[in-house]
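No lab work stands behind these numbers, since they all come straight from the coordinates. What you see is a predicted model; the values in this text were computed from it and never measured. Positions of Cβ are backbone-derived with ideal geometry, glycine not excepted, and every protein chain shown enters the neighbour counts.
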Amino acid sequence: MKLNLKAFALTMAILSGGASFILTVLSVFTGWAREFFELIAPFHPGYTHTISGVFISTFWMFIYGLVTGVLFAAVYNTLLKGKG
């Protein structure tokens, strides 16, 4: 069964962006996992450990999830095609 490329990519983007939003908000308000967010900051241009950083991190994780979803679904569909 082939994966729908657009649906899979959008699902991955929403899940990764949503998870990033929730975890970054928790970190900003409680200080939980602050070291982790400082570690990934170079991969999220413009990110700071503030409320505005929550939206920047969410945006970048949405983009990373979208790209990962497209690549995964494309590879999966290609491998599936070669099997049959």
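Taken over the range 2-47, the criterion of being free of Cβ contacts under 8 Å to residues at least 60 places away in the same chain, closer than 30 Å to Asn77 by Cα and of a type in the set (A, V, I, L, M) is satisfied by Ala7, Leu10, Ala13, Ile14, Leu15, Ala19. Within the range 58-84, the residues that satisfy the criterion of being part of a helix (DSSP H, G or I), out of contact with any helix residue (DSSP H, G or I) (no Cβ under 6 Å at 6 or more places or on another chain) and small (Gly, Ala, Ser) are Ala74, Gly82.
Scanning the range 35-57 for residues that are crowded, with 20+ Cβ neighbours inside 10 Å and either outside any helix (DSSP H, G or I) or hydroxyl-bearing (Ser, Thr, Tyr) (or both) turns up His44, Tyr47, Ser57.
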